[in-house]
Structures are given as C-alpha cells and as structure tokens.
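To start, the structure itself, in structure tokens.
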Amino acid sequence: MKEILSGNEAIARGAYEAGVKVACAYPGTPSTEILENTIRYKEIDSSWATNEKVSLEVGIGASFVGARSLVTMKHVGVNVAADPLFTLSYTGVNGGLLLVCADDPELHSSQNEQDSRNYAKFAKVPMLEPSDSQECLAFTKLAFELSERYDTPVMLRTTTRISHSKSVVELGERVTGLPEPKLAKNPAKYVMLPGNARTRHYVVEERIATLSKDGCSMPINRMELRDGKIGVITAGISYQHVREVLPEASVLKLGMVHPLPFDLIREFATKVDKLYVVEELDPFIEEQVKAIGIEVIGKEIISICGELTPGRVSKAFGLPETAQSAVEKLPGRPPNMCPGCPHRGVFFTLNQLKAYVSGDIGCYTLGFMPPLSAMDTCVCMGASIGMATGAVKVLPPEERKKVVAVIGDSTFLHTGVNGLMDMVYNKGAATVIILDNRITAMTGRQENPASGHTLMDSPTNAIDFPLLCKAIGVQHVRTINPLDLEECRRVISEEMERPETSVIITDKPCVLIKREEVFTRGAVLSVVDENCAGCRACLKIGCPAIEWVPSSGKKGKAHIDPLLCNGCEVCRQLCKFSAIQEAK
C-alpha cells in the first residue's frame, strides 16, 4: 500500500514497522510531528519528556532492557542530550536505539544553524541521512538493524525540507518475532566507571572502522554514473537539488554520512574528471575527503551559511537560475504574537517600565519585535534566569533592579528550574516572570508536565508552579492576570524594587490551546469611529487584529478586525476616549 507522507510522518511509520515499543521526545520544530504521529500506533508508548536529555535517557532505559526505542529532537536539542549520548556510544545498546535529529538550515524556527553531523563524528556513532520520505521510512527501519548489529546508537539526520516535504511512500507491516524486554544485568557493559569505559573505548573505535568499510557495500551509499566530466558527492536534500540542476552529472549519493565509506569515495573519484561536494552548512564531507588526499571543490562555490535550493546550486555552478529562485525573492512576513495572546500585556508593561529583559526561547520571544520591543537577550532554552543572575551579580543597585527574566511554562520545566534554584541559592536579586500559558505553544501546542495531560491524551498530575517555586526556596511568589495592564504594572514594578529573588506567574492560557474548557473567548471589540481621536495608543501593543485606516484627515482611524479579535480587552485599557467597545 502507498501513501503520501511527510518525512516526519514516514519516520513515525518506519518506527512502527521496525517494532519500536518506546518513543520519547521534547517538541522542537522541525522534528515535532514525528511523535505526534507515533501516537497513531498504539503498540508504541509515546511521551513528551521535560527536555531532550531526559527523552534520550528514557530511550536508553528501554533499550537496555531489550526494547527498540525512538528518540527525536531538533538540532539544538542534541546539545542538551549530548551528555548521555556520548557515554551511550561507549555502552552500546541492547534493543536498537535511534536518535532522530532535525536540523534547521536557514533558521526557519531556530536560534542557530548548527550542523548535527558533527555530533555523530564527535560521539563516534553512525549517522544516516535520507533524501525523501521513502528513505525516511526505510532508513528508520535500517537504523534499528544497524543499531543491534553493531551494538551502537544510530543517529538519523533530517532537515526542515525533508521533515515537512511530502512524497509517495510504500508502506510495510510491523516486524514480528523481536525478543521481549527483560531485565538482564551486565554491569561491565553498562556501568561506565573508568575501568569499564577504557575497555569500551576500543570497541567504539573498532566499530567505526568496521562501519566505514562495510558502508562501501551498503545499498544506501551508491554511485550513479553518468557523464564523467563532473562528479558530485552529496547526501540528504542536497541530492535532490543536484539531480534537478545537474541531471547529467555522476553522483555518489551517501545515505550514511558518518562514518564515510572512504574506499567507495576513492573509487568514485577515479571515475570523474572534476569532483565536487554539495552539502548544506559545514564542509563535513568535504574536509574528510580532502583529508584522505582527494582534490575536491566544495565551499569555494557553496555557501557555508543557509540552506541550499536549486537556485543557489545553479548559481554556484554558473548555470541559469531556476524558477525556484523566484520563491526566494518573496517579501518577508514579520512574525507576531496571536490576537489575544496573554503575553502581550506583560511585554507592553516591561517596555513601559524600561526593564532589561533577559529572554528565553518560545513564541513569547516575539516580545522582541516592535512595537513591544521588550526583550534584550535570548540565547537558548532555559538561559534567561541564569543570565539574569549573572547580570545582577555585577550591576550597581539602581541598574540591578531593572533586570527581569522572562520564561515560558514549558521552557521553565525544560531547563529553567535549575537556573531558578541557582538564583535562590546564590541570592540573586532579580525578578523572574513565568509565562504560564498551560501548553508548549511555540511548537504546536503540545502537552507538558504543567498542562495536566500526556501526549497519549490521558489525564495526569499538573505541576503547581507557585508550590514548586516555594519548594525551591523563593520567598516571594505572586500570580497575576496578564490581561490586566494596571495589575501588571503594579505587581511587576513592586517586585522589580525588591532586593532579592521574586517570581511572578502569569495565569492565562494560550488562545490557541486545544482544550476548550481552559480558554474562554471574550466579547469581540470594535472601534466607535466618532470617539476615535486618532491617537494611535491602541497600536502600541502590536495586536494583529488592530489596523490603521487612513482617512481624509491627518490622523486616520483605528479598526478592529472582528474575525481576529479574541476579546482580551488589552487595547480597550489603552484607549482614553472610550472608542473601543464591545461590538454590537
């Protein structure tokens, strides 16, 4: 049977067909939909973890007792999971373990363009890279076979285009006859004290050398010999671009990008006159090919920044640009918080109070955008609180009171709790605002430990943020309605004056939350034209439901789109002329 699937959907299907019993992840674009699709298969226990490190540890635990396990994350999540990953390379596995890492060239929804192939080389684990949805399914199944055959975790790298593009996939059946999980002690293999780890290091090095040799005969690494004037070594989505732009060129398509099949590369190099490497981001393949003494052209013509497109590949080879290039020239669409977003009032207030906002990763990072313009730093998940602690350590008292850390509920549970513990322990005099919208909003409204429901949609305990903060040792914890601007200004200004750690928790859900019982839409608002003075005060919150309508006069009038308005009434609190009222 055939279906049209995205890369993420195909990976989920591949996990099902491979007999996976446990799937765990922390949501992160472009990887999120993998776990959102594994829940379709009741044979797989799928769950969101508090962060990527925990998700990998869940997968490791399942693997060690003999179950096949799938762990997924975006590229920056591998940074969080790196600690257990590197040691897992030494211990090896019992049941097969696959770590899917979704890179994001061009930074469509990320804070950096990191190339995760380097992690495979650094951790000394094999990495596969599919070029379409069919390969996503096939490589996922192959990864579990390789994992168990070579006693190693396996990484599978996708990119945004592979994750979200759709193509035809041939479906198969779920494998049967796998060993049932059971407890079996083997401390020499799984307890990584120095004495055991030294022995395992030799196993790791031998494994990588064997994989490089065996990779030369793996069907996923193949030569496609055509015109011998030009040869291209490539992998992943880059392969699709090369085939479109250089249809007559000979190609060495790599399905396993680490370790590289060096003997196969040497053979391919002898069959072409001029050799190129076309790859996104780092010169990962190029540098290793050059290191074995083969002359190759790569980053001299291919940019190290951004994702590749057919147009960019055409330009690199001096060919006419393709129709795809026109897409790259479309005007940008600035991101904005949703109408009725509960964070808008908080950032408006922080701007008014001239706070120095130590920000974090989430849709609330859009507080940086004008007209709110109320975020001064953003580095990585959970960093806001730790950075605020560092800032107040060195600032004079009058400057210190301006420092406010802002963090979302899911991000706080991801890695922000540690920062708050450190702030309390080291007596950091800063204000922390936890934006509790009761969902992991930015990546698509996934459940988290504070939402009260699991990925499998079963009710569970919900984290009590005030109680958690008090248990950590925070003496001053306050909860506010973020849609009440007067309350926001009063409470935030009071806590900014406090010369010790304090926490403010906002208590309104995301307007897009999936659970209807959690969010109640307010009355739709409209502008009474005769009352509107054209002062533009309502535009200061940057709500996309409010637009400015030019008039014959100099000022113009505000207009509220009834299809977008959520009735949060933040704009109404800014209007001094009673021009904003409930729509009739």
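The values are calculated or read from the model by the stated rules, or taken from the named source; none is laboratory data. Keep in mind that this is a model prediction, so the values were computed, not measured. Virtual Cβ from ideal backbone geometry, glycine too; neighbours counted across all protein chains shown.
List of remarks:
- The stretch 536-557: number of residues that are more than 20 Å from Gly522 (Cβ to Cβ) and part of a loop (DSSP other than H, G, I, E, B): 8
- Scan of the stretch 49-92 for residues that are among the aromatic types (Phe, Trp, Tyr) and surrounded by 22 or more Cβ atoms within 10 Å (Cβ to Cβ), ordered by number: Phe64
- Selection within the stretch 215-247 - more than 20 Å from Ile162 (Cα to Cα), in a helix (DSSP H, G or I) and either touching a residue at least 40 places away in the same chain (Cβ under 8 Å) or in contact with a Lys or Arg (Cβ under 9 Å, 6 or more places away or on another chain) (or both): Gly215, Cys216
- Ala523 vs. criteria loosely packed, with under 14 Cβ neighbours inside 10 Å and not aromatic (Phe, Trp, Tyr): yes
- Out of Val357, Val392, one residue alone is more than 26 Å from the chain's Cα centre (by Cα) and in the same structural domain as Glu486 (by TED's automatic domain parsing). It is Val392.
- Of the numbered criteria (1) of a type in the set (A, V, I, L, M); (2) surrounded by 21 or more Cβ atoms within 10 Å (Cβ to Cβ); (3) in the same structural domain as Thr140 (by TED's automatic domain parsing), the one Ile233 fails is (3).
- When residues of the stretch 248-275 are limited to those that are part of a loop (DSSP other than H, G, I, E, B) and touching a residue at least 12 places away in the same chain (Cβ under 8 Å), the one nearest to Glu287 (Cα to Cα): Leu260
- Residues that are under 21 Å from Pro261 (Cα atoms) and of a type in the set (A, V, I, L, M, F, W, C), drawn from the stretch 216-250: Cys216, Met218, Ile220, Met223, Leu225, Ile230, Val232, Ile233, Ala235, Ile237, Val242, Ala249
- Answer residue from the stretch 113-143, given it is at pLDDT 95 or above and of a type in the set (Asp, Glu) and is farthest from Leu171 (Cα to Cα) among those: Glu129
- There is no residue in the stretch 499-515 that is assigned to a loop (DSSP other than H, G, I, E, B), closer than 22 Å to Ala388 by Cβ, at pLDDT below 85 and assigned by TED's automatic domain parsing to the domain that holds Ile361.
- Leading residue by the ranking (surrounded by the most Cβ atoms within 10 Å (Cβ to Cβ)) among those in the stretch 122-168 that are of a type in the set (Gly, Ala, Ser) and not in a helix (DSSP H, G or I): Ser131
- Leu413 fulfils the conditions (1) hydrophobic (A, V, I, L, M, F, W, C); (2) farther than 30 Å from Lys42 by Cβ; (3) outside any loop (DSSP other than H, G, I, E, B) except for a single criterion, (2).
- Restricting the stretch 86-138 to residues that are among the aliphatic types (A, V, I, L, M) and in contact with a Gly (Cβ under 8 Å, 6 or more places away or on another chain), the residue that is farthest from Met381 (Cα to Cα) is Ala138.
- Test: residue in the stretch 487-502 that is under 30 Å from Val424 (Cβ atoms), hydroxyl-bearing (Ser, Thr, Tyr) and buried (at least 20 other Cβ atoms within 10 Å of the Cβ): yes
- Failed criterion for Val403 (all others in (1) closer than 24 Å to Thr443 by Cα; (2) of a type in the set (A, V, I, L, M, F, W, C); (3) in contact with a Ser or Thr (Cβ under 8 Å, 6 or more places away or on another chain) hold): (1)
- Which numbered condition Gly428 fails, given (1) surrounded by 22 or more Cβ atoms within 10 Å (Cβ to Cβ); (2) out of contact with any Asp or Glu (no Cβ under 6 Å at 6 or more places or on another chain); (3) not in a loop (DSSP other than H, G, I, E, B): (3)
- Scanning the stretch 276-300 for residues that are assigned to a loop (DSSP other than H, G, I, E, B) and either within 29 Å of the chain's Cα centre (by Cα) or not assigned by TED's automatic domain parsing to the domain that holds Glu248 (or both) returns Glu279, Glu280, Leu281, Asp282, Pro283, Gly298, Lys299.
- Hits in the stretch 558-584 (condition: surrounded by fewer than 19 Cβ atoms within 10 Å (Cβ to Cβ) and in a strand (DSSP E or B)): His559, Gln581, Glu582
- Which listed residue is out of contact with any Lys or Arg (no Cβ under 8 Å at 6 or more places or on another chain) and surrounded by fewer than 16 Cβ atoms within 10 Å (Cβ to Cβ), from Pro371, Pro396, Pro339: Pro396
- Being assigned by TED's automatic domain parsing to the domain that holds Gln446, more than 26 Å from Gly452 (Cβ to Cβ) and either in a helix (DSSP H, G or I) or at pLDDT below 90 (or both) is a property that does not hold for Glu487.
- Of everything in the stretch 24-43 that is crowded, with 22+ Cβ neighbours inside 10 Å and among the aliphatic types (A, V, I, L, M), the residue that is nearest to the chain's Cα centre (by Cα) is Ala25.
- Odd one out for Pro339 among (1) of a type outside the set (A, V, I, L, M, F, W, C); (2) assigned to a helix (DSSP H, G or I); (3) closer than 29 Å to Glu569 by Cβ: (2)
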